[in-house]
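Read through the structure below, which is laid out as C-alpha cells, and then see the notes.
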Amino acid sequence: MEMENHRPGSFTYMGRKFSDLSLNDDSSAFSDCNSDRSGEFPTASSESRRLLLSCASENSDDLINHLVSHLDSSYSIDEQKQAAMEIRLLSKNKPENRIKIAKAGAIKPLISLISSSDLQLQEYGVTAILNLSLCDENKESIASSGAIKPLVRALKMGTPTAKDNAACALLRLSQIEENKVAIGRSGAIPLLVNLLETGGFRAKKDASTALYSLCSAKENKIRAVQSGIMKPLVELMADFGSNMVDKSAFVMSLLMSVPESKPAIVEEGGVPVLVEIVEVGTQRQKEMAVSILLQLCEESVVYRTMVAREGAIPPLVALSQAGTSRAKQKAEALIELLRQPRSISNGGARSSSQL
C-alpha cells in the first residue's frame, strides 16, 4: 500500500529525530481487499457452470466477447445480470481472465451497470469491477473510464455487499497515487467513515484499509477528520474484541500530521483509550499508542497534563524497560515530555496556545 513520504511519527523533539522510529509493519495490519467471497452470491446455475467449463477451453475468448456484448442496455435486465454474474465469476480467481475481459471492452458497460437502479445488477457490476481492478494493468483504465463517481454512489446507496465491494474497488484504484485525490474529491471519505462506524466486521476492515490508503494524501486526512473519523477510530480501539485495534491505530497515526486531528482525538475521549492500550495492549499496539500520544503532546502542555493525569507514566516506565527498542525510545521521550509540566510554572501553560 502506497504511503506518503512523511511517515507517521516522523518529527524532531529536543534534537532527536524520530523518523527512524516510525511505525513499520503497517501493511500487515491490513488484509487486502480480495475478489468477492464465496457465499455472497447465488450458486452458479447449471448454465453458469457450463459456461465456466467452456471458458477453460480454447473458446474462452469467444465466450468473454459473448458475455461482454450482453452487458449492453439493449438486452433485458435479466440477461445483463446473467452476463455480469458470469464475468464476475470468470474474473474471481484468474488474473489472465481479468486482463482478457478488460481487453474485450467490459469496463465501460460494467461501469454503466454500477449506476443501475436495479440493486442486484448494480451489485454485480461493482463486484465485477472490483475483480478486474485486482490486476494492476486494469486500474488506470477503470479510473480513466469514469468508475470513481459511480463507485462512490454505490458506496452511498448500494446493497451492503455493493457498498463493501465498492470500498474495496476504490482501495484498489487508490493504489495509483493520482487517483487518491480524485476519490477524495468525489465524496468517498465521509461514506467510508460511515461504513467504518456502522458496517459489519468485513465492512469496517475494508473501510479502514481504504481510508488508510486514501489518507496518505493530506487533503483526504483533513476530510476524514472533518467527517468525524475519530469517533469510530476511538470506539474500535477501545474494544479489544473488535480485532480492529491495530487497523484503527494505524489510521489514527496517519492522521496525526494534520493539526485538526489532535483536538478531535481529545474530544472523542481518545486519551484514556490510548493510555489503556499502552498498559494492556500487544507490543505493536503499545508502540502505536505511544507514537500517537507523543505527537499529541509534543506542542501542548494542556494535552501533556491530560495524559499524565490519566496515569500514563507507570505503563510508559514499564514499556521503557521491557518494550522493543523503538517502543523503549518512544516511551522514554514521552515520559520526558509528560514530566515537563510538573517543573514548569503556571506561566508555562501559555504554550497551550499552540494547540
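The values are calculated or read from the model by the stated rules, or taken from the named source; none is laboratory data. Note that the coordinates shown come from a computational prediction; the quantities given were computed from them, not determined experimentally. Counting neighbours? That spans all protein chains shown, and the Cβs are built from the backbone with ideal geometry, glycine included. Calculation scope for accessible area: heavy atoms of the full protein, side chains included, ligands and nucleic acids excluded. Shrake-Rupley method; radii C 1.70, N 1.55, O 1.52, S 1.80 Å.
If you place +1 on the Cβ of every Lys and Arg, -1 on the Cβ of every Asp and Glu, and leave all else neutral, what size is the dipole of region 260-339 about its Cα centre, to the nearest 20 Debye?
Roughly 300 debye for region 260-339.
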State to the nearest 20 debye the size of the charge dipole of region 47-145 about its Cα centre, where the only charges are +1 on K and R beta carbons and -1 on D and E beta carbons.
-> 220 debye
Simple spin-label model, 7 Å along Cα-to-Cβ: VAL181 to LYS156 in nm?
-> 2.2 nm
At R0 = 25 Å the Cβ-Cβ FRET efficiency linking LEU119 and ASP239, nearest 0.05, sits at 0.20
Give me the net charge of ALA322's neighbourhood, meaning all other residues with Cβ under 11 Å from the Cβ of ALA322; Lys, Arg count +1, Asp, Glu -1.
-> +2
Net charge dipole size for region 205-276 [Lys, Arg +1 and Asp, Glu -1 on Cβ; Debye, nearest 20] | 260 debye
Simple label model, 7 Å out from Cα along Cβ direction - ALA318 to SER141, nm | 5.6 nm
GLU79 versus GLU219, label points 7 Å from Cα toward the beta carbon: distance in nm?
-> 4.3 nm
Step through the table entries LYS231/LYS330; LYS156/LYS204; LYS100/LYS163; LYS108/LYS139; LYS81/LYS108, compare each Cα-Cα distance with 19 Å, and write down the pairs that go over it.
-> LYS231/LYS330; LYS100/LYS163
Ordering of 153-164, 258-269 by packing [mean C-beta count within 10 Å, highest first] = 153-164, 258-269
With the 1.4 Å probe rolled over protein heavy atoms, region 47-145 has an accessible area per residue in Å² of 46 Å²
Determine ³J(HN,Hα), in whole Hz, for all residues of region 119-136 in sequence, where each value follows from phi through the Karplus function 6.51 cos²θ - 1.76 cosθ + 1.60 and θ = phi - 60°; x replaces Gly and Pro.
-> 5, 6, 5, 4, 4, 5, x, 4, 5, 5, 5, 4, 4, 5, 6, 5, 8, 4
Determine ³J(HN,Hα), in whole Hz, for all residues of region 156-161 in sequence, where each value follows from phi through the Karplus function 6.51 cos²θ - 1.76 cosθ + 1.60 and θ = phi - 60°; x replaces Gly and Pro.
-> 8, 10, x, 5, x, 5
Fraction of accessible area attributable to carbon and sulfur, region 47-145 (%, probe 1.4 Å) | 47 percent
